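Novice: Below is one structure. I have some questions about it.
Read the figures in this text as sums done on the coordinates, not as results from a lab. Since the model is a prediction, treat every value here as computed from it, not as a measurement. Don't worry about glycine lacking a Cβ; one is built from the backbone with ideal geometry, like all the others, and counts go over all protein chains shown.
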Amino acid sequence: MSEWTWELIKEHDSLTEGPVWDGSALVYNECYANTTFKFDPTSKNIEVWRTNTNISNGQNFSRDGRLFNCEGGAKQMTEVHGPDSVTVIANEHDGIPFNAPNDVAIDRSGRVWFTDPNYGDRPTAMDNESIYRVDETDGSWTTTRVTFDTTRPNGLVFSADESILYVAESPNSPISRSQLRAYPVNSDGSLGDHTVLHDFGAGRGIDGMCLTADGNILATAGADSAGPGPMLYLFAPSGRVISTAPTPADSPTNCAFAEDGLAVLYVTFATGHVYRVPNSGLTGHRLYP
């Protein structure tokens, strides 16, 4: 991973997040600019695709190509139908508005799983920071809380067989522990007791993650301010660190595989940078397209 080539695609003014591949372009958010961009790797063109996105953060495609988005500024989860059309699928639990939906994973059944942390400790009516599952039945959505032991969940991704939900517990606090956790997924859609796969201590832990074709976990973590610095970690399913790659900008936020064979890696950063890595030697696990 130390031999990777990092190609700068764009340096935005603020935090970038939510990179996903739609089959022809990389789709990603500049969160505080309330803008979603598309990057065409063939033409190298970057265009504005959506505006007024309510500080959209993580996003992901379902197996059948539906795009779901975490609108942290509006405390809601949406399905994005196009640049000017969204449907709210969840905005509260037990009558209480969410904190700020942050990242999302969709399983093969089309169930939408998302984290709801409160970074910045904003005023909120919610008294917990949890993971939720949203199920669709005949066009209606129901929301179920599935974690009761998270204090600040961030990125999440399923194992290839979807028997495990990997979760970044990332409080980013000097008195709390940042961890990579593994939750077994029960047949009824609940989660079992977690196992800690890696403990980052009090430094900046994992923000976003994606899965490689061979079932390993690629995670963005770290910062210049503490510990070994900003880098990507490649974890085995057991939690063993296979390798690491220092990043060219501070505080990487998320990662995604794209292009032919899902063989090109893209990484977003809190600094606003978006980078392309054409020679990572890794390929992504395919859910869509």
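Novice: Checking the a/c ratio against 1.5 first, then a/b against b/c, what shape does the Cα gyration tensor give for segment 217-289? Intermediate values should be presented prior to the final figure.
Specialist: Values: a/c = 2.18, a/b = 1.31, b/c = 1.66.
It is oblate, given that a/c is not under 1.5 and a/b is not larger than b/c.
Novice: Multiply the residue gap between ASP193 and LYS44 by 0.36 nm, knock off their C-alpha separation, and tell me the result in nm, one decimal place. Intermediate values should be presented prior to the final figure.
Specialist: Working: separation 149, 0.36 × 149 = 53.64 nm, distance 4.49 nm.
Working it through step by step, the gained length comes to 49.2 nm.
Novice: How big is the Kirkwood radius of the chain, worked out from every pair of different alpha carbons and given in Å to one decimal?
Specialist: Numbers: mean 1/r = 0.0538 Å⁻¹.
Computed over the chain, the radius equals 18.6 Å.
Novice: Can you give the charge dipole size of the chain about its Cα centre, rounded to the nearest 20 debye, using +1 on the beta carbon of Lys and Arg and -1 on the beta carbon of Asp and Glu? Don't skip to the answer; put the middle values down first.
Specialist: Numbers: 19 positive and 37 negative charges, 63 e Å.
With only Lys, Arg, Asp and Glu charged at Cβ, the dipole is about 300 debye.
Novice: Hey, another quick one. Below 8 Å, C-alpha to C-alpha, sequence gap of six or more: please give me the relative contact order for the chain in percent.
Specialist: Working: 850 pairs, mean separation 50.1, N = 289.
Relative contact order comes out at 17 percent.
Novice: Mark the label point 7 Å from the Cα of ARG145 along Cα→Cβ and return the residues of segment 118-134 whose backbone N is within less than 13 Å of it.
Specialist: What the label zone holds, given the 13 Å backbone N cut-off, is 125-133.
Novice: Something else about it: Around THR16, under 11 Å between beta carbons, what's the net of Lys plus Arg minus Asp minus Glu among the other residues? Walk me through the numbers on the way to the answer.
Specialist: Details: positive: LYS10; negative: GLU11, ASP13, GLU17, GLU30.
Its environment carries a net charge of -3.
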